[in-house]
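Peer 1: Structure in structure tokens, see below.
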Amino acid sequence: MNRRVFRRVKSNAMTGVLMACVLAAVLPLLWILGTLVLKGAGSLSLDFFTKMPAPAGETGGGVANAIVGTLLMVGAACLIGIPVGIGAGVFASEYPRNRLSIVSRFVADVLNGTPSIVIGVFAWTWIVAKQKHFSGFAGSAALAILMVPMVMRTTEEIIKLVPHSLREAALALGYQRWRTTLQIVLLTALPGILTGALLAVARVAGETAPLLFTALGSQYMGTNLNQPMASLPLTVYTYATGPYEQWHRYAWAAALVLILLVFVLSLGARLATRRMARLGG
Amino acid sequence: MTIATDTPGFMTTAPRPTLIARPSAIAEGATAPAITVRDFHFAYGRREVLKDLNFVIPRRAVTAIIGPSGCGKSTFLRSVNRLNDLIPGTRHRGDILVDGTSVYDRETDLVVLRQRVGMVFQRPNPFPKSIFDNVAYGPLLNALVPKGDLPDLVEKSLRQAALWDEVKDRLESPGTGLSGGQQQRLCIARALGNHPEVLLMDEPCSALDPIATQRIEELIRTLKRDYTIVIVTHNMQQAARVSDFTAFFDQGELIEYAGTERIFTAPSNPRTEAYITGRFG
């Protein structure tokens, strides 16, 4: 076998190996999605989105309260978690050697690796136990605590990617440091920061453990964050472990809705950031 | 190799010792000083990179700073608008005066200083914004003109930078979409928008092809009618082509400073001669 043929064979073999890796990475994903559609799509109807849960054992009803609850709690968590995370990330990237930055970076990394149920227990201890009742707010707080370190670290990493020359250009025009950071650095990094924030949103939207003993779940429609609140992940958990056949089918459907929700959110934000990047930050 | 002879006067001066000793020396044919450097030392931590500089840069002329890598020429340029302030652990002694005002005085307003002293960098670094915004950013910040006059100012700056005809129909498209040479002229326009007195250019052509380089050099020759230009360059032919005066730096010291023609035809210092004839550097 001459060298050229050998090279081509080697190249093709490597390409084959890589393609197999891609397949192995994507296959479980497609499998999950396929299973969800197969088992859940049949239960999707207008009622599923608009009706309240039927009493145990009865057929019909929907998960409207869980959809509303998830949107509200995740929304509130974003309002707290994203600004705090971005702010902390900007600080850590602007003052990388500041002691506060070093400590918060370390804490964020530890928090990122902390099981989310621990955050749930923490929120229970400091909010639920103090208030003496479960609440959507406690759930939001737990989710926000999960989001902050994720958003902080991605913000910091993205800002590091902004070329130093841009910062110098702004400073050389007479921009003060804070203006340079806000108007040039942050704006340039914005699409990346938003993508990072979105990943955090997607991640916490599916969290169940931190909501178990904070938001608790609810059979009723509620928009009051001070009351126990239903959510899609909790619905999946309750229905999947319940005794009724319909509950199982609804658990699949709720899981499908949750994934679709995250999917739509990602798509929307990606389009928005792409638009922003094209218009030049 | 052509040598710039468009400044009258410096050929006629009788030869005198040009090895710069203190006190400050003015190059032959110089007009009123724009920048006066007095006993200036600069160090990164313990490493002294500029030693006891004393010289005067004349108004409305092009002064080139040449010298081997690491000789401190960029550091000097960045000392004039205090861009080195960004780097922690720098020290300086002595002072630099721009138009009679101290750069290093405690009272000096960096915003004002950097408005008066514009800078063009080695690599074109337009903001990821529209062409219009790139030029308007400085004047907007420094409130140089009422907002309504911005379009005029942007046009004037782009014309001065010889870019107007190429971009007048697409002022709203991103500045980063231009070619390298156009981006660099955009950066020059951005600096000019600030109505500076001095333009510092840090190897402005080193990232450009020969045609783009030629355009920038033509531009420099035009701009010196209105601005004091200090250009750091690695390219000795370029220094010879565009500058009226040339300063040769080596190991942080000003070795020789004279009219460009003198430096390139009859250098008084053997180190200068060795450098310009290519024996080192």
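Peer 1: Every residue in the range B:215-227 that is buried (at least 18 other Cβ atoms within 10 Å of the Cβ) and under 17 Å from B:Gly193 (Cβ atoms), please.
Peer 2: B:Leu219, B:Leu223, B:Tyr227
Peer 1: Read through the list (1) of a type in the set (Ser, Thr, Tyr); (2) part of a strand (DSSP E or B); (3) under 22 Å from B:Gln184 (Cα atoms), then give the number of the only condition that B:Tyr257 fails.
Peer 2: (3)
Peer 1: Something else about it: Quick check: anything in the range B:125-132 β-branched (Val, Ile, Thr), within 14 Å of chain A (Cβ to nearest Cβ), within 17 Å of B:Gln184 (Cα to Cα) and touching a Gly at 6+ places or on another chain (Cβ under 9 Å)?
Peer 2: So far as the range B:125-132 goes, yes, one or more of its residues are β-branched (Val, Ile, Thr), within 14 Å of chain A (Cβ to nearest Cβ), within 17 Å of B:Gln184 (Cα to Cα) and touching a Gly at 6+ places or on another chain (Cβ under 9 Å).
Peer 1: I've got another one for you. Can you tell me how many residues within the range A:123-165 are buried (at least 18 other Cβ atoms within 10 Å of the Cβ) and closer than 30 Å to B:Asp202 by Cβ?
Peer 2: Taking the range A:123-165 as the starting set, the residues that turn out to be buried (at least 18 other Cβ atoms within 10 Å of the Cβ) are A:123-124, A:127-128, A:134-156, A:158-159, A:162.
Then drop every residue that is not closer than 30 Å to B:Asp202 by Cβ, which leaves A:156, A:158-159, A:162.
Counting residues in the range A:123-165 that are buried (at least 18 other Cβ atoms within 10 Å of the Cβ) and closer than 30 Å to B:Asp202 by Cβ gives 4.
Peer 1: Out of the residues in the range B:64-93 that are touching a helix residue (DSSP H, G or I) at 6+ places or on another chain (Cβ under 9 Å) and polar (S, T, N, Q), which is farthest from B:Glu261 (Cα to Cα)?
Peer 2: B:Thr90
Peer 1: Also, I was wondering about something else. Looking at this structure, is B:Ser268 closer than 27 Å to A:Gly174 by Cα and of a type in the set (Ser, Thr, Tyr)?
Peer 2: Considered against the rule, which asks whether it is closer than 27 Å to A:Gly174 by Cα and of a type in the set (Ser, Thr, Tyr), B:Ser268 comes out as no.
Peer 1: Report whether or not A:Leu46 is under 22 Å from the mean Cα position of the chain (by Cα), free of Cβ contacts under 8 Å to residues at least 60 places away in the same chain and exposed (fewer than 10 other Cβ atoms within 10 Å of the Cβ).
Peer 2: Considered against the rule, which asks whether it is under 22 Å from the mean Cα position of the chain (by Cα), free of Cβ contacts under 8 Å to residues at least 60 places away in the same chain and exposed (fewer than 10 other Cβ atoms within 10 Å of the Cβ), A:Leu46 comes out as no.
Peer 1: Can I ask one more? Inspect all residues belonging to the range A:221-230 and state whether any of them is in the same structural domain as A:Ala123 (by TED's automatic domain parsing), surrounded by 19 or more Cβ atoms within 10 Å (Cβ to Cβ) and in a helix (DSSP H, G or I).
Peer 2: Scanning the range A:221-230 turns up no residue that is in the same structural domain as A:Ala123 (by TED's automatic domain parsing), surrounded by 19 or more Cβ atoms within 10 Å (Cβ to Cβ) and in a helix (DSSP H, G or I).
Peer 1: Here's something else I'd like to know. Kindly evaluate B:Arg271 against the criterion of being of a type in the set (D, E, K, R) and not in a helix (DSSP H, G or I).
Peer 2: Taking the combined requirement at face value, the residue does not satisfy it.
Peer 1: A follow-up question, please. Given A:Ser116, A:Ser165, A:Ser93, which one is over 25 Å from A:Ala269 (Cβ atoms), polar (S, T, N, Q) and assigned by TED's automatic domain parsing to the domain that holds A:Val68?
Peer 2: On the way: A:Ser116 fails: over 25 Å from A:Ala269 (Cβ atoms); A:Ser93 fails: over 25 Å from A:Ala269 (Cβ atoms).
From the options A:Ser116, A:Ser165, A:Ser93, the qualifying one is A:Ser165.
The values are calculated or read from the model by the stated rules, or taken from the named source; none is laboratory data. These numbers were taken from a predicted model, which means no experiment stands behind them. Positions of Cβ are backbone-derived with ideal geometry, glycine not excepted, and every protein chain shown enters the neighbour counts.
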